[in-house]
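**Student:** Got a structure for you, questions after.
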Amino acid sequence: MKNLVLATAMLALSASVDAAIIQVTPVSHLTGRASGAPTVWKINPAPTFSGDVAGIAMPTFWFNDVTGELSSSGVAQFRVQTSPTWNGLHFDRFITDLNIVGGSAAGSTAYNCTNGGFGNMIRASMCGNYLFGGDDIDNSTVTYGPGTAFSRVIGGDDVIAGAQQSIDDYNLALASFNGSALVFESADWTSSGGKAGLQLNFAAAAVPLPAAGWLFGPLIGLLALVRRRLTGS
């Protein structure tokens, strides 16, 4: 009788442990453009000019293939840069413990955005996403933190060009996972066919055997033993 109870319990347990937590590696970070190929962002790049941010270690990322959750530990640095100089750096995004689940990145720990020299050349704030007015002076204020909070106060004759860079840009949905390639996309990326929005691509490590896999073998043997005892065969 004890064996029968144990077998039943193991069977119930095996049905609840099919989820696999898979380590994944970032492959590309893309933003769509209305014309031409998407913009390719650098991911945790090495420094390219004097005074650049010191190289930040690549975070560790995991994917839960049942809940569709992407989680991470560490700081992800996503960079737009058109040349290896200060003036070629548009901006950097820094996200601590990026977490995406159910189309929301609100579970991430912290977010920050820093401008490079490119914005000064075109008289604009890349993180704040606004243009300096006719006086060519930045009259506005952009803040980040604590955590993932962000704000923008437009002053003087500055002109808004779009939404402030923020953690909201990573409110992505799971687009596909085939066991080796993992894709998250924003709604506007999906609807525009990559002409707008954001796409994150990952490569998955070998899919680990779910816990049910190693439970299943012993379970079969135990059930067979119970059956023989009950039938006397």
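The values are calculated or read from the model by the stated rules, or taken from the named source; none is laboratory data. Quantities reported herein were computed from a predicted structural model and do not represent experimental measurements. When we count neighbours, we look across all protein chains shown, and the Cβ atoms used for this are built from the backbone with ideal geometry, even at glycine.
**Student:** Scanning the stretch 122-137 for residues that are within 17 Å of Leu89 (Cβ to Cβ) and in contact (Cβ under 8 Å) with a residue 12 or more places away in the chain, which turns out surrounded by the most Cβ atoms within 10 Å (Cβ to Cβ)?
**Tutor:** So the residue we want is Gly128.
**Student:** Further question on the same structure: Inside the stretch 155-173, can you point out the residues that are out of contact with any strand residue (DSSP E or B) (no Cβ under 6 Å at 6 or more places or on another chain) and in a loop (DSSP other than H, G, I, E, B)?
**Tutor:** Gly155, Gly156, Asp157, Gly162, Ala163
**Student:** If Val80 satisfies all but one of (1) farther than 21 Å from Asp169 by Cα; (2) in contact with a helix residue (DSSP H, G or I) (Cβ under 9 Å, 6 or more places away or on another chain), what's the number of the condition it fails?
**Tutor:** (1)
**Student:** Given the condition of a type in the set (Asp, Glu), in contact (Cβ under 8 Å) with a residue 40 or more places away in the chain and over 21 Å from Asn171 (Cα atoms), answer yes or no: does some residue in the stretch 16-23 qualify?
**Tutor:** yes
**Student:** Is there any pair linking a residue in the stretch 62-76 that is within 13 Å of Phe202 (Cα to Cα) to one that is at pLDDT 95 or above and acidic (Asp, Glu), with Cβ under 9 Å and at least six apart or on different chains, and which?
**Tutor:** Trp62/Glu69; Phe63/Glu69; Ser71/Asp97; Ser72/Asp97
**Student:** As an exercise: evaluate Pro208 against (1) over 30 Å from Thr39 (Cα atoms); (2) modelled with pLDDT of 50 or more; (3) touching a helix residue (DSSP H, G or I) at 6+ places or on another chain (Cβ under 7 Å) and give the number of the one condition it does not meet.
**Tutor:** (3)
**Student:** Take the residues in the stretch 148-168 that are within 26 Å of Thr96 (Cα to Cα), without any contact (Cβ under 8 Å) to a residue 60 or more places away in the chain and not aliphatic (A, V, I, L, M); name whichever of them is surrounded by the fewest Cβ atoms within 10 Å (Cβ to Cβ).
**Tutor:** Restricting to residues being within 26 Å of Thr96 (Cα to Cα), without any contact (Cβ under 8 Å) to a residue 60 or more places away in the chain and not aliphatic (A, V, I, L, M), the top hit is Gly162.
**Student:** Still on this structure, I have one more. Being touching a strand residue (DSSP E or B) at 6+ places or on another chain (Cβ under 7 Å), modelled with pLDDT under 95 and not aromatic (Phe, Trp, Tyr), is that true of even one residue in the stretch 11-20?
**Tutor:** So far as the stretch 11-20 goes, yes, one or more of its residues are touching a strand residue (DSSP E or B) at 6+ places or on another chain (Cβ under 7 Å), modelled with pLDDT under 95 and not aromatic (Phe, Trp, Tyr).
**Student:** Moving to a separate point now. State all residues of the stretch 66-85 that are under 15 Å from the mean Cα position of the chain (by Cα) and among the small types (Gly, Ala, Ser); if no residue qualifies, say none.
**Tutor:** Selection gives Gly68, Ser71, Ser72, Ser73, Gly74, Ala76.
**Student:** Within the stretch 123-138, how many residues turn out to be more than 30 Å from the chain's Cα centre (by Cα) and under 15 Å from Asn87 (Cβ atoms)?
**Tutor:** Count: 1.
**Student:** Check off (1) buried (at least 17 other Cβ atoms within 10 Å of the Cβ); (2) modelled with pLDDT of 85 or more; (3) farther than 18 Å from Thr39 by Cβ for Leu219 and give me the number that stays unchecked.
**Tutor:** Among (1) buried (at least 17 other Cβ atoms within 10 Å of the Cβ); (2) modelled with pLDDT of 85 or more; (3) farther than 18 Å from Thr39 by Cβ, Leu219 violates only (2).
**Student:** Somewhere in the stretch 131-146, is a residue in the same structural domain as Gly88 (by TED's automatic domain parsing) and within 21 Å of Leu30 (Cα to Cα)?
**Tutor:** no
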